[in-house]
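The values are calculated or read from the model by the stated rules, or taken from the named source; none is laboratory data. Quantities reported herein were computed from a predicted structural model and do not represent experimental measurements. Cβ sites come from the backbone with ideal geometry, for glycine too, and all protein chains shown count toward neighbours. Ligands, DNA and RNA are excluded from the accessible area calculation, which covers all protein heavy atoms including side chains. Shrake-Rupley method; radii C 1.70, N 1.55, O 1.52, S 1.80 Å.
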Amino acid sequence: MNDRIYLDYNASTPIAREVVAEIQPFLTTAYGNPSSTHWAGLPARDAVERARSQVAALLCCDATEVIFTSGGTEANNHVIKGLFFASHSTESPFHIITSRIEHPAVLEPCQFLQSLGAELTLLPVDEFGLVNPDDVRHAIRPHTKLISIMHANNEVGTIQPISLIAEISKEYGILLHTDAAQSVGKISTDVESLGVDLLTVAGHKLYGPKGVGALYVREGVELAPFLHGAGHEAGRRAGTENVLEIVGLGAACEVSQMWIEDPRVVELREYFWQKLRAHFGDNVVLNGHPERRLPNTLNVSFRGQHGHDILARIPNIAASTGSACHAGTVQISPVLAAMGASIEVGAGAVRFSLGRMTTQAELDAAVEQLGNCIEL
Ligand SMILES: Cc1ncc(COP(=O)(O)O)c(C=O)c1O
């Protein structure tokens, strides 16, 4: 297959050329342990701290507020379990507010804590996938310790009103976390403007390596360590730092500064959508918010179709579907279900996510192939 078309940048991204160039020397030099204070360790320590500053520059925070992790999943787990273990006791119950459309990397740790006695509220979303800040306010209990609402949804791209939710969390003195795995590098993730206390970064969503991420922890927020051992990452995450990938994450964050709100990607996405509409008319519908959406994300439903059947017929196009087929019955994605999508619309959903390397010619070819494989 030499006509491969990659439209799955929300699943993962290629490593940027500039990032590869930054990592490469570290394969052979700077092999010392970053904790060693001799000539071999110091360059590794410098590299880790430079990367920390690069992540901090993208998030507009202090470098001391950045912890490196093994990715978005760990960062989310660290927030949710770290706060629970730092503050839960029989005298002090623990209530978490989150939404029904969070990634499993938030929902699963929350449900795990529920099995340990935490209380959990899963907020609904509207037809566009938006959380209503009033619902957040009404869900608050005297012992609510954490509000965790994702910045942008991975499936439909809807961007949540985080700064409005932050006003509420501040009013009640409750910590606010946002899983920004999908938004970092695509839209602004300035932690001060967002007003969050904790924020998750995933390296492989922003043209960095897989298996590395970061967590922003506002100064003064107490989290129990995620990994116990020696005192790495200010005692919060033990284990010798993954220098190569941390260098890659830092470089990816620096490069990303140039790509925030990339107008070319928005134009291509709109071009793709208009072409799909021209071809399929009302048989294709947009999932997610028409405006408050990630610049690269186009989740559409082909009415009366099954997303996985469509993708199986065009294997050279890499895209995603949230629907699943089990024993002949179709289950629509929990995100679309939470948005109130009907089975007819939800089953035919396909997520196309564009990126830095996407071309108009690829989108033309994708529309043509979709047209050939979908019978109306
Ligand atoms: C919104 C969101 N959060 C968390 C994750 C998990 O990140 P990672 O793959 O780095 O563990 C993903 C990855 O798909 C995601 O889209």
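Before moving on, here are some points about what is shown:
- Within the range 60-81, the set of residues being part of a helix (DSSP H, G or I) and either without any contact (Cβ under 8 Å) to a residue 24 or more places away in the chain or within 16 Å of the ligand (Cβ to nearest atom) (or both) comprises Ala63, Gly72, Thr73, Glu74, Ala75, Asn76, Asn77, His78, Val79, Ile80, Lys81.
- Applying the criterion of at least 1 residues that are of a type in the set (Asp, Glu) to the helices (runs of 4 or more DSSP H) found wholly in the range 293-366 leaves 307-313, 343-347.
- If you go through the range 324-365 and keep only what is polar (S, T, N, Q) and buried (at least 23 other Cβ atoms within 10 Å of the Cβ), you end up with Ser333, Ser353.
- Sole residue being assigned by TED's automatic domain parsing to the domain that holds Val184 and hydroxyl-bearing (Ser, Thr, Tyr), chosen from Thr240, Thr297: Thr240
- Looking only at residues of the range 206-240 that are at positive phi and in contact with a helix residue (DSSP H, G or I) (Cβ under 7 Å, 6 or more places away or on another chain), we find that the one that is surrounded by the fewest Cβ atoms within 10 Å (Cβ to Cβ) is Gly239.
- When the range 94-111 is limited to residues that are open to solvent by 50 Å² or more (accessible area, probe 1.4 Å) and touching a residue at least 12 places away in the same chain (Cβ under 8 Å), the one that is farthest from the ligand (Cβ to nearest atom) turns out to be Arg100.
- Qualifying position, being open to solvent by 30 Å² or more (accessible area, probe 1.4 Å), more than 16 Å from the ligand (Cβ to nearest atom) and outside the structural domain of Asp197 (by TED's automatic domain parsing), among Asp3, Asp46: Asp3
- Condition met for Asp262 (away from the ligand (no atom under 16 Å from the Cβ) and touching a Pro at 6+ places or on another chain (Cβ under 7 Å)): yes
- Of residues in the range 160-193 being away from the ligand (no atom under 16 Å from the Cβ) and assigned to a loop (DSSP other than H, G, I, E, B), the one nearest to Leu146 (Cα to Cα): Ile174
- Residue list for the range 19-43, filter: away from the ligand (no atom under 16 Å from the Cβ) and surrounded by 15 or more Cβ atoms within 10 Å (Cβ to Cβ): Glu22, Ile23, Phe26, Ala30, Gly32, Pro34, Gly41, Pro43
- Within the range 194-205, residues that are within 11 Å of Gln182 (Cα to Cα) and open to solvent by less than 20 Å² (accessible area, probe 1.4 Å) have Cβ atoms under 7 Å from residues that are small (Gly, Ala, Ser) and away from the ligand (no atom under 11 Å from the Cβ) in these pairs: Gly203/Gly248; Gly203/Ala252, counting only partners at least 6 apart in sequence or on another chain.
- Within the range 310-332, being closer than 22 Å to Glu108 by Cβ and modelled with pLDDT under 95 holds for Thr321, Gly322, Ser323, Ala324, His326, Gln331, Ile332.
- Set Val196, Val131: member being closer than 30 Å to Ser342 by Cα, in a loop (DSSP other than H, G, I, E, B) and under 18 Å from the mean Cα position of the chain (by Cα): Val131
- Whichever residue in the range 55-90 is open to solvent by 30 Å² or more (accessible area, probe 1.4 Å) and closer than 16 Å to Lys210 by Cβ and, among such residues, is farthest from the chain's Cα centre (by Cα): Ser70
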